[in-house]
1. Over the Cα atoms of segment 189-376, what Rg and Dmax result, in angstrom?
2. With respect to the cross-link table entries LYS234/LYS326; LYS74/LYS206; LYS206/LYS261; LYS204/LYS292; LYS206/LYS234; LYS78/LYS102, which display a Cα-Cα separation exceeding 22 Å?
3. Spelling out what I want: for every residue of segment 35-44, take phi, set θ = phi - 60°, compute 6.51 cos²θ - 1.76 cosθ + 1.60 (Karplus), and round to whole Hz; glycine and proline get x.
4. Please list, by residue number, every one of the GluC sites (Glu not before Pro) in segment 183-253 that is coil in DSSP and has at most 16 other beta-carbon atoms within 10 Å.
5. Could you list the trypsin sites (Lys or Arg not before Pro) in segment 1-80 that lie in coil according to DSSP, counting only those with at most 11 other Cβ atoms within 10 Å of their Cβ?
6. Residue by residue, what Karplus-based ³J(HN,Hα) values in Hz, rounded to whole numbers, does segment 273-290 have, using 6.51, -1.76 and 1.60 with θ = phi - 60° and x for Gly and Pro?
7. Taking amide H atoms as placed 1.01 Å from N in the peptide plane, list the residues 5 or more away in sequence, or in a different chain, whose amide H sits under 5 Å from that of THR350.
8. Among residues other than VAL23 whose Cβ falls under 14 Å from its Cβ, what is the net charge (Lys/Arg +1, Asp/Glu -1)?
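The values are calculated or read from the model by the stated rules, or taken from the named source; none is laboratory data. All of these numbers come straight from a predicted model, not from anything done at the bench. So basically every Cβ, Gly included, is an ideal-geometry build from the backbone, and we count neighbours across all protein chains shown. Surface accessibility is based on the protein's heavy atoms, side chains included, excluding ligands, DNA and RNA. Shrake-Rupley method; radii C 1.70, N 1.55, O 1.52, S 1.80 Å.
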Amino acid sequence: MNINKIIISDIPASYYAGKKVFVRIDFNVPNLEIDPDPPRIRRAIPTIDYLTSRKAKVILASHLGRPKNKPDPKFSLKPIAMRLAEILKANVNFVGSCIGDKVNQTIRNMKNGDVLLLENLRFHEGEEACDEKFSSELASLADIYVNDAFGTSHRKHASTYGMARHFEYRLAGFLVQGELEHMTKIREGPERPFAVVVGGVKIKDKLEALRHLIDKADKVLVGGCVAYTFLASKGVSVGDSLVEQESISWASEVLSKQGHKVILPQDHIVSTNADDVKSIRLVLGEIPKSLKGFDIGRDAAKGYTTELATGNRTILWNGPMGLFEKEQFSHGTIDVARSVALAYHRGCTTIMGGGDSIAALRVAGVSEREVTHISTGGSASLAYIGGEELPGISILNDKSVMEPSLTEA
Ligand code: ADP
Ligand code: MG
């Protein structure tokens, strides 16, 4: 599938020598301990290698987690810089900020082919606010802008959108290219039946995407906290389960528009809290007060397994069915992961994404080779396949407007 964005390899290789290239990558790796070799790091390597071997000065920037707009050592990218250096077998410079004097000085000292990783972009409130001053400060660091962070492209942030506007050359990296190539076909016409599985905790993102995606899907199987928000919107009691009040109206909108496509869990694994093993039980229907749902129940898991393993031609999965990091709440997610793998072996095109969902594959003992395409983006892939414009992609140069001087080899 041809995509209409300029890729880093579309411009002459000689153009990069000595240029400072800002690469917005997605190193939002939630847990290096659970997953020491995360695909999000591995898959950034082709772009980094391409640029360093063409003697660019490569400046990498990412967010990690949700720090509260200020520095927090818990969310530092320093361990990732160390991991990246091990993978690249090369030195990776790290500065404890993403703008300011120290960053400017480090960049001045960079040699051609060097790699620098900046500190977490979300330590500054300007990032998520897409603040103009912060965007220009970031833009002042480099000559060329590259987006290789597909998973963040659905957000209009300073590093994904605001700063890109300042560059003449704003290009797609190889990871973004691969994602667009795999997903554009499904966005334009999925083979049917097309099943979508949604779970996890980022309720707002996922419900927002579902509002569009529901029109394309033949059925949507819901788990995780997204399910409790749907159930709450129908007036079903979900006890103390995590529900996002502000997204309830979107859940109702989806149900009133295409409710017949939405499959919700009818039973739940509940507990008073995630650590209280003694109070874990299975409930059918309503969840009593003071109990929280932490996984879909056995009947739901059985039903989802049957829905997924047979008959579909396309499956898109984002978001675990429960708090799978704890063994006692991992069964729904494991069943779904194995069913998606089985569907793949039966010829179904399967796409899955989301940092935590990818980590869940490992827990389920499903290999990455048992999925047609593993997207680095969760909510971004739901939004893209649903037909939405992703700001971080729209802002990149279109091939149709490529400068003739840049196409000459
Ligand atoms: P992804 O990273 O795949 O896009 P999310 O970030 O939205 O998915 O959600 C993943 C997280 O959701 C996991 O850490 C998982 O433990 C959590 N989760 C799923 N279901 C529940 C639940 N019922 N209660 C609490 N946490 C849950
Ligand atoms: Mg996540």
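1. Considering segment 189-376 through its Cα atoms, Rg and Dmax are 15.3, 48 Å.
2. On the way: LYS234/LYS326 29 Å; LYS74/LYS206 26 Å; LYS206/LYS261 16 Å; LYS204/LYS292 19 Å; LYS206/LYS234 18 Å; LYS78/LYS102 16 Å.
The answer is LYS234/LYS326; LYS74/LYS206.
3. 10, x, 10, x, x, 4, 7, 3, 7, 8
4. GLU191
5. Numbers: sites: LYS5, LYS19, LYS20, ARG24, ARG40, ARG42, ARG43, ARG54, LYS55, LYS57, LYS68, LYS74; in loops: LYS19, ARG43, ARG54, LYS55, LYS68.
Answer by residue number: LYS68.
6. My calculation for segment 273-290 gives 8, 4, 9, 8, 5, 5, 8, 5, 8, 9, 10, 9, x, 5, 9, x, 3, 6 Hz in order.
7. Amide H neighbours of THR350: ILE315, THR372, HIS373.
8. Numbers: positive: LYS19, LYS20, ARG24, ARG40, ARG43, ARG54, LYS57, ARG170; negative: ASP26, ASP49, ASP114, ASP143, ASP148.
Its environment carries a net charge of +3.
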